[in-house]
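For reference, the structure is listed below as structure tokens.
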Amino acid sequence: MSSFLIETLLLSCPDHESVFKALSWESESWPQTGRVEALTAFIEGLQSLSGSSHVKPTHHSFAVNVERIIWSQCVPLLSKLSSEVGEDVQSKGSVTVVCKLLKACVPLCDAASTAKVTEYVLPFLSDEDVTPGRLSVEVSKVAVRVLCTLLHCGSGVCTDDKMHKLILDDLCLWHRNEPTLAVTARAVMCLAALSDHMLTPNTLTSDPPLPIQFWKMIQDGLMHKDSLARKRALYLLKRCVALSQDRSFGFQSAKEGEALFMWDCKNKVWKEFWEDYVLVMETLEENQIHIICPVLNRIDTLIQIVNNSEGSGVLHPSWLLCVYQRIFHSENKALMKEGVCHLLQLQVLQEPKFTVAFSQFIIGPFLDVLSETSLFQRAAGQNVGECPELGSKLKVFMANFFTNLPPEQKASQLLKLIQHLSSKQWCSVPVLFISLALSSLSQSPLLDVNGLVALREVLRSTMITHQVLLRGAAQCFLLNSALCLTDVSAVSLDDMFGFLMYFRSDESLCRGTKLWQQVFIWLMKNEHNFKKDEGNQSIKLYVQNEIYNYFKVPASTGQRERLPDVSEAVKLARAILLCADIEMCQPSGDVNSTLESLLSPLWDTLSRISTSIYLPLRKSDKSLQLLLQLLLQGPITQDTNEDNVLVVLKNNIFSILDPTLEFIVRQLCGQLQELFDIERADMYTSVLKQLVVVCRSVPQHHSKIQQTYFTKLISFNLKVLTEPNQQKPSVSAQVSRVVAMASLVLICSLVEQNVIDIQSVSDLNKLNEYFYDPILLSPSSVGRFNETLMKPAALDSLNGAKGYSPMRQDWGRVVAHYVRDQWVCLSILSKTSENSRSTEILRSSVSSAIEGLSLLPNNLVLPIFAFLETALPQLVQDEESLCADAVTVSWDLVQGLSSNPLDFWPSLKAFVSMAFHCKLLMLTEAQAEILSTTMKRIAADLMELSQSKSGVFGPLIQHCCQLWLDDSIFSSVFYHIGILIEACVHGPVFRRDQRLIQDVQSYVEQLGEECAANVLCGDNRDDQMPRTCALSFLSRLDPLNPQHQQLIQCLVKDLLKKDNSISSSKVRYYNNSMQHRVKNRIWQTLLVLLPKLSKDFVSSMLSSVYQAGFCSNQASVKYLIEWLMILILVQQPDHINSFWECFNVDHEKTKVSICTFLSVLVHFNVILPNMRDQGAQLRTALNIILQCCFNHNFSVRLYALLALKRVWSLAEEKSLNEEEGVHPLSSVITACLDQAEAMQSTGNANKNWIKIQEHFFFGAFHPLRDYSLETILYTFPSLSDVADDEWIPPWKFEKMPCFSHCQTCPLMNPASDLRELHHGDWIQQDKSEQDKEERWAEVQKKITPWKLDIQEQDPELQIIPQQRAARRGKTNGALIVVASLIDKPTNLGGLCRTCEIFGASALVLDTLRHVDDKQFQSLSVTSEKWLPLLEVKPVELTEFLQLKKSEGYCIVGVEQTANSHSLESYTFPEKTLLLLGNEREGIPANLLQMLDVCVEIPQQGVIRSLNVHVSAALLIWEYTRQHLILRAGETSSKEKCHQP
């Protein structure tokens, strides 16, 4: 349409000069896009018509106008765009239209004008006067587009090799100076766009050849995160390789011995290498692991090529790094794991050259990839508790990597690795296994002070995780690493002890653990090898000097000071204890004298602490801090008499006990009045508590503390608390109240822990009176509950440094702790006070407790839970609804903490103890309906929460089972039997990430005491614990006890109902699904309970067992049911008749479930001895089995043959062959068995026959001998293809306190036959041979030639389909396919793909909008980009066909008519137009009349129609075949004519 308008304009307006002026614009202005497009169309139209007779423009004026447009229109506009270009749509559109205008003008100018334009554009890429690296992404877009336009015009200047090299050098310079992702992507885009002109054979053979930076640019492009940049880089690489191959020459790009690209036409290894490399890189663009994994073998091939026969490498390691970097950038976690495992097993890294080349990659990108937690999933075939495959490989890899590094680089690389670890936040699992890998390094002096600092940063910054056990284990591994890798001569003792300070005593480095022992043995071994610091010669002298410096404090200024930093005391206390342990291990060591000399400054200070008025408060504080840390890190208990170090400490503490206690009590009685004294009070109470514990074993000291010091504390602090609040309270008054309450909490906590006797503290009743003062009793309020502190007005005016304290900025926290302390006292007093048992006080107290739950932060509510635990059982009879409200509010609070593990677990345990108190459990619904309903609802909520959060159900079942063991409380189990039933079948199916955490924790637990975290951080949150606990509880039940027998029977009935409901449901039941797991757990529990069931009850439940056998069950469930049947028939053989009746059930209903009962007969030798009429039972068994041998189902026949073989052998043993009734069957039985043994020539039948005989259930298993918890819960699941998280090992029962060994169901299996079998040996399902292969030996090679690999460019750089076809050397035929009558996008998409593949010249559609349809694109796979598409609507077809006829085309229709030609006999003319009909209606009658010929496809079937796309494909191929053969014949004739 536009060409027609332009032609009309030119013919009607001969004054072209005026048109030029009308379409031009001022050079300073910014023209509209439409004006530029109009001028472009005008010039193109004028050029196309310049040769016709109608239009004869003046050539001189025409050239002048065109050149004027270039310099006055295009160039100024390009300058503006270069300075103001952005990413907005208007800017991009302007660049596009200007480039099109320039493209239209340049061919009309002479070479000189074109050269001037090129010289103008090139400074944007290279200018000696401009600073190197001046290119920006935006400017390069304009410059490259203009250059692309000029180069495509074919100007002689633009094809100059020097100019090409100048452009290439500038791009390389830009990338070298600014190697960012954006610059790499743009530089690669520039090279791809200009590759036709810049990457030529001359470029590759120039001297010097392509620069090193060019190849680095390609490598960066191959590793780019953007897929388009990667495709462009790969295209450039393939083009260089193809040019090298076509040119057949050898060269290399190298610099200073670093060869990045090499080619040798005489060596085929080059071609194979680059083909494999391209194959790997192209395949990595896929997202499906099953496609990519086989290609990873090619990486090994690349590595083999690296080491040629002469031993010199031909591949630079950076190319391999590109492969791994690309894998690590993949979004597919499975592919990422494959790449990591492949790199960890890379044998070439044992060569120093590659180890050095990979070092930066290992420390950077590779370490970043390891931060992905999912990589550490257990591999297939690994059991729970084993080290994950990646963790094991990482240990070996790290050891080999540092072994193969040059000695001079080991220390620096290790330091960089540790520093990289500390540079980001890590999840607990990756940092655990990286720490484990570091601890496995061979002992070498690699870490100096900087290394210890880096490790310290790892401890500080990466140990932020809620998994306490994993955090502690990682600390243990890091400490082991430091002990193995520290260069002792490069670090001082102060550096080492400063490093040890960061290991937590409650998680890793604690006295008494093996890790502590390793540390002091290491210190003792290297004592004299440390770096000398101020003349220190030994650890003892160092500690002595540190203690001296520790107590060097300036004189007191008379002002109260903040509490000193406790870290110095922690460091010194740990050093003292280590030094003492070292001395104790010395042959001539004297611990007593050593500690006396070391701690003499401490004892001296503490002896004067209460009497010396000149002793600085800071020195007193530091001495108490050090004493506290010594007591915390070396706890003194009742068993300390065997520890010489603790005995010496204990004896010395007695010598300074009185002055220390006097000082602390004096300070707590009114001396602490500043804000920062609140911290000091916490320290004082902690010291006092530890001293009381130490004196517990010495009656005289213990009695004096209670009667003297505690009485004084209570009296004074109660006086402080009972003083009325001032209207404007002072800071000192409020601080005194806080300190007073903290002191009372100390005394109450010691009473609760039975450290002191409540009767011995005479004034403790006054504390009870304080809270329950009768004067305060009123209908609305009772006692001093939830009393808060008024904020002193002076806090807002404290701006000076002297009055500064964090407490001033967090007054709310101080108040919250004050209220919390009140509830600590109340919770303890409620257990002893008589007043607290009155109904009125209890009602008000519980109401206040509910209010306190809403007032206090969630992490401070534990004392309220403890109070409610005592109060609710006393109040429930009078105020049931209030008690129910308290339980509900408490549960809501606990649920809200589920995302905060630090507070959730303590709160959950406290809540369970409170809400499920023994007296509350004993309440029936008749006695307390509201509370009982609330408790059951909360139990259900807790069970539901356990499905998503591991370990939640454990505290509840443990608590309940422990209570139910008491005979007086046992009856309550019937009211809450749902908890016990849920425990028997408990075990959620967690997400992979949750399962991963549990697997890693199991691995750490398997390390035992070798990992100190297991000793210090043990917390059983195993999801198998509820089942273990429930089964342990059931093992304690006595079947002779009526209540116990009743519980067992109720439990069995409920479990059978649960199994039946699962079998009756329509939920999909597949292997290891939740339904499968629950059924498996049900039948395991029934097997365990069977010996405790009475005979009458077994008779009543037998029908349910048989019914379960008829259901469709997974293999593991089937084995358990069969085992249960066998045991029942062994114990009660009178039920054999009911068993025979099972075979009379309608076979159409039973289907293959009859195999369950045949399996029981396989073990008939176990059942038969207890029967009376054995001969008759054998005959019955043989008759039934023989009938099943002729069943139409193969599985039934197979099981029947096995049962027949076993029963018949049993009959022969009993010498029954000669008896009447058996002899006539002997020939039939023998024939059946002979046929079974002769199945060796029938393929799978023989394999199944052998396999079923070797199956563990029919081979090694004995139903009576192997009956044990180990077999039921561990061995059977492991041999039945049940997920390994369902296997319960016997040692878990041994750790349960409530477990009782029972003779009827022993814990361990006395026989070892089943135990010796391995998991997976006897799984019935066949495994395909393909699954056994780790890698495919060969892969399909589909490397796209570089000519076909035209990269996607920006719209203005794209070329039309005809140009694409010409660029790749494609020659289209003259076939036109018309599909305007087809309306289905899928048919059109497939047809487009077929036309492009077979070289059709064009495809005609009714609308070009089809190409945007997703269904079209899914079938066309981008073929529309390579095939010319025309739009002709159905109403325009008549005119279109008439036009093509006039051009000499033969119109061929695909239709069955009376005169149609058969496809096999028809010869297509070269100029053929193929008209396709509609899918339903075919070709309309009006168009049939225009056809030159109709062609039909010969058919043999009944259906007389093909899909339109299929029909068209057959005709298009036939056309192509005929003309390909014709061209091939012509080519052959020409070659013969040219031969001499």
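What to note about this one:
- Residue in segment 572-586 that is of a type in the set (V, I, T) and over 16 Å from L523 (Cα atoms) present: no
- Some residue of segment 592-612 being surrounded by fewer than 19 Cβ atoms within 10 Å (Cβ to Cβ) and aliphatic (A, V, I, L, M): no
- Count of segment 1283-1298 residues which are open to solvent by less than 30 Å² (accessible area, probe 1.4 Å) and in a loop (DSSP other than H, G, I, E, B): 7
- Residues being over 22 Å from L1437 (Cβ atoms), touching a Phe, Trp or Tyr at 6+ places or on another chain (Cβ under 8 Å) and at pLDDT 85 or above - total across segment 1484-1540: 4
- A single entry from E925, E944 fulfils the requirement of being assigned to a loop (DSSP other than H, G, I, E, B), of a type in the set (D, E) and more than 16 Å from C960 (Cβ to Cβ): E925.
- Test: residue in segment 476-484 that is aliphatic (A, V, I, L, M) and within 21 Å of the chain's Cα centre (by Cα): no
- Residues of segment 419-464 classified as open to solvent by 20 Å² or more (accessible area, probe 1.4 Å) and hydroxyl-bearing (S, T, Y), total: 6
- Check on E546, of a type in the set (D, E), surrounded by fewer than 22 Cβ atoms within 10 Å (Cβ to Cβ) and under 29 Å from E674 (Cα atoms): no
- Checking each residue in segment 725-741 for being farther than 15 Å from W823 by Cα and open to solvent by less than 10 Å² (accessible area, probe 1.4 Å) picks out Q734, V735, V739.
- Comparison of V687, V720, V735, V648 shows that the only residue that is of a type in the set (A, V, I, L, M, F, W, C) and over 30 Å from P792 (Cα atoms) is V648.
- When K531, K514, K525 are checked against the criterion of being surrounded by fewer than 20 Cβ atoms within 10 Å (Cβ to Cβ), more than 43 Å from the chain's Cα centre (by Cα) and among the basic types (K, R), K531 stands alone in meeting it.
- One residue from L767, L721, L744 being part of a helix (DSSP H, G or I), aliphatic (A, V, I, L, M), at pLDDT below 80 and under 23 Å from A816 (Cβ atoms): L767
- Criterion: under 18 Å from V570 (Cβ atoms) and modelled with pLDDT of 90 or more - qualifying residue of S623, S600: S623
- Identity of the residue in segment 163-203, among the acidic types (D, E) and in a helix (DSSP H, G or I), that ends up modelled with the highest pLDDT: D169
- Hey, L509 outside any loop (DSSP other than H, G, I, E, B), surrounded by 20 or more Cβ atoms within 10 Å (Cβ to Cβ) and at negative phi or not: no
- Leading residue by the ranking (farthest from L1124 (Cα to Cα)) among those in segment 1262-1282 that are open to solvent by 20 Å² or more (accessible area, probe 1.4 Å) and part of a loop (DSSP other than H, G, I, E, B): D1281
- Evaluation of V1454 against (1) free of Cβ contacts under 8 Å to residues at least 60 places away in the same chain; (2) under 12 Å from V1377 (Cβ atoms) (one fails), failing number: (1)
- Residue within segment 836-852 that is within 41 Å of the chain's Cα centre (by Cα), open to solvent by 50 Å² or more (accessible area, probe 1.4 Å) and modelled with pLDDT of 85 or more present: no
- Within segment 1380-1410, the residues that satisfy the criterion of being farther than 25 Å from K1471 by Cα, of a type outside the set (K, R) and either part of a loop (DSSP other than H, G, I, E, B) or open to solvent by less than 30 Å² (accessible area, probe 1.4 Å) (or both) are D1383, P1385, H1410.
- A residue that is closer than 19 Å to D276 by Cα and within 15 Å of the chain's Cα centre (by Cα) occurs somewhere in segment 328-338.
- Candidates E1447, E1518, filtered to the one that is among the charged types (D, E, K, R) and open to solvent by less than 70 Å² (accessible area, probe 1.4 Å): E1518
- Qualifying residue in segment 1097-1106 (condition: surrounded by fewer than 17 Cβ atoms within 10 Å (Cβ to Cβ) and modelled with pLDDT under 90): no
- Within segment 1066-1088, the presence of a residue that is polar (S, T, N, Q), more than 45 Å from the chain's Cα centre (by Cα) and modelled with pLDDT under 95 is excluded.
- Checklist (1) touching a residue at least 40 places away in the same chain (Cβ under 8 Å); (2) touching a helix residue (DSSP H, G or I) at 6+ places or on another chain (Cβ under 9 Å); (3) over 28 Å from H1044 (Cβ atoms) applied to F1139, failing item: (1)
- Of all residues in segment 930-983 being more than 27 Å from Q1001 (Cβ to Cβ) and among the acidic types (D, E), the one that is most open to solvent (accessible area, probe 1.4 Å): D967
The values are calculated or read from the model by the stated rules, or taken from the named source; none is laboratory data. Quick caveat, the model's predicted, so the values are computed rather than measured. In this analysis, Cβ positions are derived from the backbone assuming ideal geometry, glycine residues included, and neighbour counts consider all displayed protein chains. Heads up: the accessible areas ignore ligands, DNA and RNA and are worked out on the full protein's heavy atoms, side chains in. Shrake-Rupley method; radii C 1.70, N 1.55, O 1.52, S 1.80 Å.
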